[in-house]
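The values are calculated or read from the model by the stated rules, or taken from the named source; none is laboratory data. Predicted, not measured: the structure shown is a model, and the values here were computed from it. Neighbour counts are summed over all protein chains in view; Cβ atoms, including those assigned to glycine, are modelled from backbone coordinates with ideal geometry.
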Amino acid sequence: MIYGIAVLSACFLLGQLIGTWLGQWLGIDANVGGVGFAMILLILSNQWLRTRKLFTADMEGGIVFWSNLYIPVIVAMSATQNVKGAISGGWMALLAGTIPTALCVLLIPVLSRRKPNDPIEKAQA
């Protein structure tokens with residue numbers, strides 16, 4: 001279970017780092033899309049671990065544990081965001097939403113090509 005939480009934590013920290021770097025690169029003092037990048041990293045790492053058969057049920061339990069707390073965690077994280085900067089930044093807020101969304105859309109073909117490894121997924125396919 002701790003490994004699943006570790007994967008989730010690593011993805012979150014990397015996503016926050018990328019969001020902070022993107023904000024600095026764009027010239028604003030804010031995290032731009034850090035949570036979105038974290039989710040993309042979690043999807044990619046989950047897929048990478050599953051294809052190498054390194055993703056265990058215990059790891060999944062750690063991720064499921066935090067997914068049950070997802071809404072309170074997101075509310076707490078969004079409370080720390082710079083709302084005034086987002087409103088005054090107009091196009092910057094738009095970029096913060098569209099960049100992670102575009103990356104997710106680009107990943108759909110990659111994820112849809114994967115072969116089911118799980119017996120439940122095989123039965124549904």
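Quick look at the values:
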item: Qualifying residues in the stretch 31-43 (those that are in contact (Cβ under 8 Å) with a residue 60 or more places away in the chain and not β-branched (Val, Ile, Thr)) - the one nearest to Gly90 (Cα to Cα); result: Gly33
item: Elements of type helices (runs of 4 or more DSSP H) in the stretch 11-125, at least 3 residues being modelled with pLDDT under 85, surrounded by fewer than 16 Cβ atoms within 10 Å (Cβ to Cβ) and of a type in the set (Gly, Ala, Ser); result: 57-67, 70-79
